[in-house]
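One structure below.
The values are calculated or read from the model by the stated rules, or taken from the named source; none is laboratory data. In this text the structure is predicted, and so the values were computed from the model without any measurement. Every residue, glycine as well, gets a Cβ built from its backbone with ideal geometry; the counts of neighbours run over all protein chains shown.
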Amino acid sequence: MRLILIGPPGVGKGTQSALLVQRKGLVTLSSGEIFRREIDAQTDLGRLANRFISQGQLVPNEVTIEMMAKRIGQLDVMKAGFVLDGFPRTIPQAEALDELLSDMGKPLDKVVSISADDEIIVARLSGRIGCTKCGEIYHARNKPPKREGLCDKCDGPLFVRQDDRAEAIRARLQIFHEQTSPVIDYYGEKGLLQLVDGRQDPETVFKVIVGEIGA
Ligand code: AMP
């Protein structure tokens, strides 16, 4: 199964891709996660990406496409199929991905678009807390950790993403509407799109996705 999860920031793509990994054994590639790991490791790519990410801006297409093409080309990822989370986010990225996958003879099976209104997104992102070790996601009001600052699952330290600050959230939403919405239409025209209502609770969204992709 070669699948894309697309939708605004904070709609639940990360949560759903984690569930697809845990329960269905799929391999996920999250462009945001890969960038955050590069930032933590203080690589050249990480330093470059951080200039954009900390402001809520997109990392330039050439940089993102090169990084993702390298990961997708890795054999272990291709064998099991993959779920792409956060990529592509622009039309040039979608076109580059199409070309790459068609060169590999491995076209996409489905694109799942998870949607929710801007007010819901803002409420979810302001308050989001993540685990630096296992990636578990909490929320200050809706799903607080049992012990402040520590992950319930792995005891790892929790953190608030720099791009979950109010101005960065607004910038990310605007970019989503301007640059990523056309990507959803692009896949709609190709007949690959499945729409899922992201206002529902994560377990319900997961059931719908599994039903749609037949996993
Ligand atoms: P995410 O974890 O998917 O919300 O991504 C966090 C940030 O990483 C985004 O706000 C962008 O700054 C950057 N990023 C992630 N994926 C992409 C992409 N496909 N194109 C450009 N920038 C990206």
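Out of LEU193, LEU173, report the one residue that is over 27 Å from GLU136 (Cα atoms) and surrounded by 13 or more Cβ atoms within 10 Å (Cβ to Cβ).
Matching residue, one of LEU193, LEU173: LEU193.
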| Which residues, counting only those in the stretch 83-104, are out of contact with any Pro (no Cβ under 9 Å at 6 or more places or on another chain) and modelled with pLDDT of 90 or more? | VAL83, LEU84, ASP85, PHE87, PRO88, ARG89, PRO92, GLN93, GLU99, LEU100, SER102, ASP103
| request: Among the residues of the stretch 29-62, write down those that are at pLDDT below 90 and within 22 Å of CYS134 (Cα to Cα). | output: SER54
| query | Does LEU5 satisfy being assigned to a strand (DSSP E or B) and at pLDDT below 95? | reply | no
| said: Pairs needed: first member in the stretch 46-60, of a type in the set (D, E, K, R); second member anywhere, at pLDDT 95 or above and in a loop (DSSP other than H, G, I, E, B); C-beta distance under 9 Å; at least 6 residues apart or different chains. | reply: ARG51/VAL59
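Quick grid of which residues meet (1) modelled with pLDDT of 95 or more; (2) in contact with a Phe, Trp or Tyr (Cβ under 7 Å, 6 or more places away or on another chain); (3) closer than 23 Å to ILE34 by Cα:
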position: ASP117; (1), (2), (3): no, no, no
position: CYS131; (1), (2), (3): no, no, yes
position: VAL160; (1), (2), (3): no, no, yes
position: LYS190; (1), (2), (3): yes, no, no
| remark: Given (1) touching a helix residue (DSSP H, G or I) at 6+ places or on another chain (Cβ under 9 Å); (2) under 17 Å from ASP85 (Cβ atoms), ARG124 misses just (1)
| said: Pull out all pairs, ordered by first then second residue, where Cβ-Cβ is under 7 Å, the residues are six or more apart or on different chains, the first lies in the stretch 19-38 and is within 25 Å of ALA49 (Cβ to Cβ) and within 16 Å of the ligand (Cβ to nearest atom), and the second is among the basic types (Lys, Arg) and assigned to a helix (DSSP H, G or I). | reply: LEU29/ARG71; ILE34/ARG71
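On the given criteria, is ASP155 over 22 Å from ILE39 (Cβ atoms), at pLDDT 95 or above and surrounded by fewer than 17 Cβ atoms within 10 Å (Cβ to Cβ)? Spell out the reasoning first.
Working: over 22 Å from ILE39 (Cβ atoms): yes; at pLDDT 95 or above: yes; surrounded by fewer than 17 Cβ atoms within 10 Å (Cβ to Cβ): yes.
Taking the combined requirement at face value, the residue satisfies it.
Within the stretch 191-213, track down each residue that is in a loop (DSSP other than H, G, I, E, B) and free of Cβ contacts under 8 Å to residues at least 12 places away in the same chain. If you could, list the steps in order and put the result at the bottom.
Of all residues in the stretch 191-213, those in a loop (DSSP other than H, G, I, E, B) come to 191-192, 198-201.
Answer for the stretch 191-213, where residues must be in a loop (DSSP other than H, G, I, E, B) and free of Cβ contacts under 8 Å to residues at least 12 places away in the same chain: GLY191, GLN200, ASP201.
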